[in-house]
Structures are given as structure tokens and as C-alpha cells.
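What follows is one structure encoded as C-alpha cells, with my remarks underneath.
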Amino acid sequence: MKTVTHWIGGKPFGGAAGASGTWGPVTDPATGEVTAQVAMAGADEVDAAVAAAKEAYATWRTSSLAQRIAILFRYRELLNARRDDLAALITAEQGKVHADALGEVARGLEIVELACGLGMALKGDTSTEVSSNVDVASIRQPLGVIVGISPFNFPAMISMWMFPMAIACGNTFVHKPSSKAPSASMLLAELATEAGVPDGVLNIVHGDEVAVNALLDHPDVAAVSFVGSTPVARHVYTRASAAGKRVQALGEAKNHMLVLPDADLDAAAEAAVTAAYGSAGQRCMAVSVVVAVGSAGDPLVSRIAERAKKVKIGPGNDPTSEMGPLITKAHRDQVADYVAGAAAQGADVVLDGRNFTVEGLENGHWMGVSLLDKVRTGSDVHRDEIFGPVLCVLRAETYEEAMDIINGSPFGNASSIFTRDGGAARRFQLEVETGMVGVNVPMPVPVGYHSFGGWKDSAFGDHRMYGSEAVHFYTRGKVITSRWPDPAEVAAGPDLGFPASR
């Protein structure tokens, strides 16, 4: 059986026997079979990874920006050449279809490319002669050892949202990916070493809450970047902040899509199906709630149902598949329980995906698309992040009622509006309480040079991911005030050849 070890100091760590002696299973979601075992870190492995990163930081922080950027350019080319290999690893362990996996790699590469051009963002400011012979300069310097903790649903992309920016800024990095899908991160580390990233600059430790808490508590860790569930995000933020670390922690989402009666309902339905069921709904930017206003309701639900029935579900390595399985059987059963309970809480079950299976792969973690209409505000399926292929439709009579529904959610990750009315769209983007907003765009994931993150219970900490905010998160400012008298005015001292002042 394949074994996945840690990556510390530029090479695999722990050997076939592991280090802590604890292993976790890695399962193919399409078959339900255990295909690998992954080493689970304890305190010793965490200490080794942080020590390697701390040692590497001493020289990496003083390396030239040109050297760092040259390495990242080589890294980008290696990633691009191996994108199919990365996508295959994602499909094998996470389950998403190959096209989605390739899209994940492409979005990660976008941030690597951003890191390649970080010179402008890292330059400081200088003011001369703020007083006689006095100058003031502002510079940004790296923090030290950074920890990144990423989820199973984007095992390559979210990793690339973190460490390329961190190391471009002069930090070193310890990454703890999800143990459910660990292999993509190992290939990312191997390619980083091949590109010339020095040993210890990028390290990988696998594990569970034991490893996470050891990283949060470690005195040599300066900052933590996290993406995952809201309860864990809150824990990470609280515990790491109490230990004096800088933290950004992104949590859950319940993204709403508002559809006004004047919208192009065919386009809105197509967008809803793509955004709700792509990647089996296992993404924080998925649209999980459609709020239909007035007369838009019935025709919109009819169009969504018609399109949703045509979604081809199958293993991710089948090029005809449009949606793959869920990550684990336990998660699949949890999603099914939400659908089962929806009718009891007043919803109309238009499409029920609980009994779906794939012939020959009956042990896979399959869930068909589910569409729930006339969902009640505050019901379980509306309140919770289900993280599966379940789309809820709520009805509202007016725009104002719809906004009360959306802004009443404890989550504030993303939202979108579909309308032909520019005034309504403008009002929505100013009034909605989410960190990312789409206008006739269902999943408004910002491009790399803007920043990603939500509001309320969707994010903890003051900095968002990638873009300019990543530079501020991975560096700290320093202001230098200096006074150097004109040598010609110095009464005594070395003769530097300056003419006497007149």
C-alpha cells in the first residue's frame, strides 16, 4: 500500500515505518477503498518541521528578492508542466472530476504568478527632508515561520494560496494539509525543491488536531493561515492569537443568490446548477441558497430542476463525468440526513439525490443532486453549511424581504444577484453583508491581484487571502527615521572631500 510521509528539510521524513507510529487511511471516494496510509504527526514531527523552517529562515530572509522570484518563476514552469499529474492526485483522493481538478490547479497557479511579481508590492516608501537632514523610510520585513492549515476540498489550490506568497515575502513555511487528500501537497513540495527552494523553506506535516494544536502553540511560529469549518476556524484564531501569533482563519459559508423577476431566468438557472453542484457542492464558494423574488420563483425552480436532472455523475477519472462523489461515507450520510429532514421542516423536495449510486462502484460515496423548494428561513438546510450537492430555494415577495433573509445569515462569505436592473445591482452590492459579491456572476472568486475572504462567521482575523492583503499578512512594517548631517557642516572629522558651505 502507498504510504505518504511528512516532508521536512527538503526530503521525506519518517520513512516507511513513520515517525510517530500513527497512520491514517486515505480513501478513493469513487470506490470507497483505502488506497494509501498517511503518517500522522505528533509533537516530535511538528518540532522537527518548525526547527527546519526556523533554521532556513536565518538565510532565506536575507536572500535577495531577485533570487526568490527566480525560484518562483522556475516553480511556476514545473507546476504548469505537471498540472495533469497534480489533477490526477486530486481526483484520486478528493474525488472531483478531472476538469474541476485542472481548474483548481489553474487558480493556484494564478497566485504563484502573483508571487512572481511581488517586487512592486514589497517596495517601501521614503520621505526626504521631513526636517533638516532628516529622512523617514517605511519598509516591510518577513515575520519568520508561517503555518498553513488547509482543507480537503482544494488540496492544491488553497496550499498555493498560502505558501508562495509567504516565501516570496521572505518567510519559511510549515504546511499541514488535510490527511484525507495529502498527496497533492507532497508533489507541490517536491517540485518546490526541484525549482530551487532551499531545504527547510517549505515543510509538510500531516495529522489531526494533535498536530494542529502543537503548531498553534509552538513558540517559534509567527503566524497561522487557516481554511476550514467555522468552529475550527474560531478555535485556531482564539488559540493562536492567545499565543501571540498573527492569524487569518477562513470558515464556513452559506452563499445566497438573489434572483429578481427581471433576470434572464435561463442564465440564472444555468448559473445556479453550475455553482450548486460543481465539485459536488464541496466548496466554500458554492451557491447553496437561491432566493427567488416574486414571479421569478416557479419558472426558475422549473428551469433549475430541468438542468439539474442532466448532470452526469460518475468517477472523476471518467471524462464524461460532471460531478464526482463526496469525500467520505460519513459526510455523504450527513448530507443525506439534511435532505431527509427537509420535508419535515416544510420544504418541497423537488429532486432527491439520496438513493443515487454508480453501477459497479456501489461502495463509492455517491450522492445525487438534490433540489429543495420553499425552504423556510431558519430551518436546518437553510441555517447550516451542508457542503454537498443540495440547493435550497427560498421565496420572497420583495427585494427588501430577500435582503433580510440574506443578511440574517450568520455567515458572510459571498453572495450574488441576477438582474437586468443596474440600479438594483448597485444597491445590492452596497447593502449586502458579505465580503465578496457577484453581479450576474454566481461564484465571485476574486482574481489573484484582489483579495479573498468573507465577513461575520466566515472569517476571523484582519487580513484576507492573497492579493495585496497577503503581503500585509506575511510581513510587518518598520519605519526608520534617520538624520545624517551634511559632512561640510561637521566641525571635525574625516576629510571626505566636500567643499565648505557658503
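Could you sort TYR399, TYR237 by accessible area so the largest value comes first, with the probe set to 1.4 Å?
TYR237, TYR399
To the nearest 20 debye, what charge dipole does the chain have about its Cα centre, counting +1 at the Cβ of each Lys and Arg and -1 at the Cβ of each Asp and Glu?
640 debye
Hey, any idea what % of the chain's accessible area is carbon plus sulfur with a 1.4 Å probe?
Its accessible area is 52 percent carbon and sulfur atoms.
Let me confirm the definition first: pairs of Lys residues in region 162-311, 8 or more apart or on different chains, C-alpha distance under 28 Å. How many are there?
Counting lysine pairs in region 162-311 gives 6.
Apply the Karplus curve 6.51 cos²θ - 1.76 cosθ + 1.60, θ = phi - 60°, to the phi angles in region 448-465 and return the couplings in whole Hz, x for Gly and Pro.
Each residue's phi maps through the Karplus curve to give x, 8, 9, 10, 10, x, x, 10, 6, 7, 8, 7, 10, x, 9, 10, 9, 8 Hz.
Pick out, from PHE152, GLY207, LEU372, the residue whose Cα sits farthest towards the positive end of the charge dipole of the chain, with +1 on the Cβ of Lys and Arg and -1 on the Cβ of Asp and Glu.
GLY207
Within region 455-484, list the residues whose amide N lies under 17 Å from a label point set 7 Å along Cα→Cβ of ASP135.
Correct set: 478-484.
Please list, in chain and number order, the residues 5+ apart from VAL224 or on another chain whose amide H is under 5 Å from its amide H, with Hs placed from the backbone.
Sorted by chain and number, the residues that satisfy this are VAL147, ARG246, VAL247, GLN248.
Pop the C-beta distance of THR398 and ALA267 into the FRET formula with R0 = 22 Å and round what comes out to the nearest 0.05.
0.50
Could you give each residue of region 86-100 its phi-based ³J(HN,Hα) in whole Hz, using Karplus coefficients 6.51, -1.76, 1.60 with θ = phi - 60°, and x for Gly or Pro?
Once rounded to whole Hz, the list reads 4, 4, 5, 5, 4, 4, 5, 10, 9, x, 5, 5, 4, 5, 5.
Excluding same-chain residues fewer than 8 positions from LYS478, which aspartates and glutamates have a Cα within less than 13 Å of its Cα?
Candidates past the 8-residue exclusion: ASP125.
For the chain, give me the percentage of DSSP beta bridges that are antiparallel, rounded to the nearest 5 percent.
Among the beta bridges of the chain, antiparallel pairing accounts for roughly 40 percent.
Over the chain, what is the mean sequence separation of C-alpha contacts under 8 Å (at least six apart), divided by residue count, expressed as relative contact order in percent?
Details: 1184 pairs, mean separation 88.5, N = 502.
Across the chain, relative contact order equals 18 percent.
Search the structure for amide H atoms under 5 Å from the amide H of VAL38, placed 1.01 Å from N in the peptide plane, and list their residues when 5 or more places away or on another chain.
VAL4, GLY24, VAL26
So, by mean Cβ neighbours within 10 angstrom, what's the order for 49-58, 147-156 with the highest one leading? Present the calculation step by step, with values, prior to reporting the outcome.
Details: 49-58: 21.0, 147-156: 25.9.
Per-residue Cβ counts within 10 Å, averaged per peptide and sorted highest first, yield 147-156, 49-58.
Could you tell me whether region 108-174 comes out rounded, prolate or oblate from its Cα gyration tensor? Rule is a ≥ b ≥ c as square roots of the eigenvalues, rounded for a/c under 1.5, then prolate if a/b exceeds b/c, otherwise oblate.
Here region 108-174 falls in the prolate category.
Non-local amide H neighbours of LEU258 (under 5 Å, H modeled in plane, Pro and chain starts lacking H): which ones?
Here the answer is VAL291, SER416, ILE417, PHE418, since their amide H atoms fall under 5 Å of that of LEU258.
Here are labelled values, (i) 151; (ii) 228; (iii) 173, and one is the computed volume of the Cα convex hull per residue in Å³ for what I pasted. Which one?
Only one listed value fits the structure, namely (iii).
Per-residue ellipticity at 222 nm for the chain, helices alone: DSSP H runs ≥ 4 residues times -39500 (n - 2.57), over residue total, nearest 500 deg cm²/dmol?
Taken over the chain, the calculation gives -11500 deg cm²/dmol.
Cα axis of helix 183-195 to longest principal axis of the chain: angle in degrees, 0 to 90, nearest 10?
It works out to around 30 degrees.
Multiply the residue gap between SER468 and ASP380 by 0.36 nm, knock off their C-alpha separation, and tell me the result in nm, one decimal place. Please report the intermediate quantities before stating the final value.
Details: separation 88, 0.36 × 88 = 31.68 nm, distance 3.69 nm.
28.0 nm is the gain from fully extending SER468 to ASP380.
If each of ASN440 and LYS11 carries a label point 7 Å out from its Cα toward its Cβ, how far apart are those two points in nm?
5.8 nm
Expressed as a whole number of Å, what is the distance separating the alpha-carbon centroids of region 350-396 and region 151-194?
Value for the Cα centre distance between the two parts: 31 Å.
Determine ³J(HN,Hα), in whole Hz, for all residues of region 300-316 in sequence, where each value follows from phi through the Karplus function 6.51 cos²θ - 1.76 cosθ + 1.60 and θ = phi - 60°; x replaces Gly and Pro.
5, 4, 4, 5, 4, 4, 4, 6, 5, 4, 8, 5, 8, 9, x, x, x
Quote the FRET efficiency, to the nearest 0.05, computed for SER482 versus LYS123 with a Förster distance R0 of 22 Å and r equal to the Cβ-Cβ distance.
0.75
Evaluate the distance, in nm, between pseudo-label points positioned 7 Å from the Cα of GLU209 and of THR22 along their respective Cα→Cβ axes.
A separation of 1.1 nm, rounded to one decimal place.
Which of the aspartates and glutamates could a cross-linker bridge to LYS123, judged by Cα under 19 Å and excluding same-chain residues fewer than eight apart?
Straight-line reach from LYS123, under 19 Å: GLU113, ASP135, GLU469.
Hey, with R₀ at 56 Å, roughly what FRET efficiency would GLU431 and MET1 work out to, going by the Cβ-Cβ distance, to 0.05?
For GLU431 and MET1, the calculated efficiency is 0.55.
If the chain between SER64 and GLU306 were fully stretched, how many nm would it gain, using 0.36 nm times the residue separation less the Cα-Cα distance?
81.4 nm
In square angstrom, what is the accessible area per residue of the chain with a 1.4 angstrom probe?
Spelled out: the 1.4 Å probe surface of the chain, per residue, equals 41 Å².
Could you calculate the contour length gain from ALA243 to ASP421, that is, 0.36 nm times the residue separation minus the distance between their Cα atoms, to one decimal place in nm?
Length gained between ALA243 and ASP421: 59.2 nm.
The values are calculated or read from the model by the stated rules, or taken from the named source; none is laboratory data. Note that this is a predicted model, so its numbers are computed, not measured. Virtual Cβ from ideal backbone geometry, glycine too; neighbours counted across all protein chains shown. Accessible surface areas use protein heavy atoms only, side chains included; no ligands, DNA or RNA. Shrake-Rupley method; radii C 1.70, N 1.55, O 1.52, S 1.80 Å.
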